[in-house]
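The values are calculated or read from the model by the stated rules, or taken from the named source; none is laboratory data. Not measured: the values here are computed from a predicted model. Here the Cβ positions follow ideal geometry from the backbone for every residue, glycine too, while neighbour counts run over all protein chains shown. All accessible areas refer to the heavy atoms of the entire protein, side chains included, with ligands and DNA or RNA removed. Shrake-Rupley method; radii C 1.70, N 1.55, O 1.52, S 1.80 Å.
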Amino acid sequence: IITNFKPPMIAIKFLLFLITFFFQELNSQPYEELEIDRVWTELILSVKKGDFSRYKTFYHEDAVLISQTNQTTATIKDAFVRWEEGFRQTRSGKIKSNLEVRFKKRLADKKTFFEEGMLKYWTTDSEGNDNISYLEFEAVWIKRGKEWLMIMENQKSFLDEIEWNKLE
């Protein structure tokens, strides 16, 4: 019987590392979700700044926009033509734009990501009047190299602040 056995310090440190790593993995978001969250942060910033060139980089060049509210589909390039004026007005200071997002469901693997939730988009004109929209949406993202690109955005329906607050 060994009574004075002391495990090597390296073994203790390694064991502590494994325990810490295990508990962090149990309590953390998946890595892909953290990456998409960073993309959303940058996308939202581009909306606030009116940076249309930057905003377009978050979409795959062949992305599709589905608007169930208008019963239409379009390429993202066609949608950009419609959205560009709002970015110009924001950039010039005629309006202030803002965007928030909340999620109901998120599914991911290393190269694809699906999410559904709500967007809260609002503008404030020069007189301080707010125009607020709450939009239920779905998005599909793909990873190309190190970048996540939205390949499909499905704008499902307009909702209200009550529905928005349910997702807190």
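Considering (1) on the phi < 0 side of the Ramachandran plot; (2) surrounded by fewer than 16 Cβ atoms within 10 Å (Cβ to Cβ), the lone condition that Gly93 does not fulfil carries the number (1). Picking from residues in segment 58-69 that are in contact with a strand residue (DSSP E or B) (Cβ under 8 Å, 6 or more places away or on another chain) and not aliphatic (A, V, I, L, M), the one that is nearest to Leu99 (Cα to Cα) is Phe58. Residue by residue through segment 119-168, note down the ones that are under 16 Å from Ile76 (Cβ atoms) and of a type in the set (Lys, Arg). Residue satisfying the conditions is Arg144 alone. If you filter segment 45-88 down to residues that are in contact (Cβ under 8 Å) with a residue 24 or more places away in the chain, open to solvent by 30 Å² or more (accessible area, probe 1.4 Å) and aliphatic (A, V, I, L, M), you find that the one that is farthest from Ser126 (Cα to Cα) is Val64.
Could you go through segment 103-120 and let me know if any residue there is under 30 Å from Ile162 (Cβ atoms) and among the β-branched types (Val, Ile, Thr). No - not one qualifying residue is present in segment 103-120.
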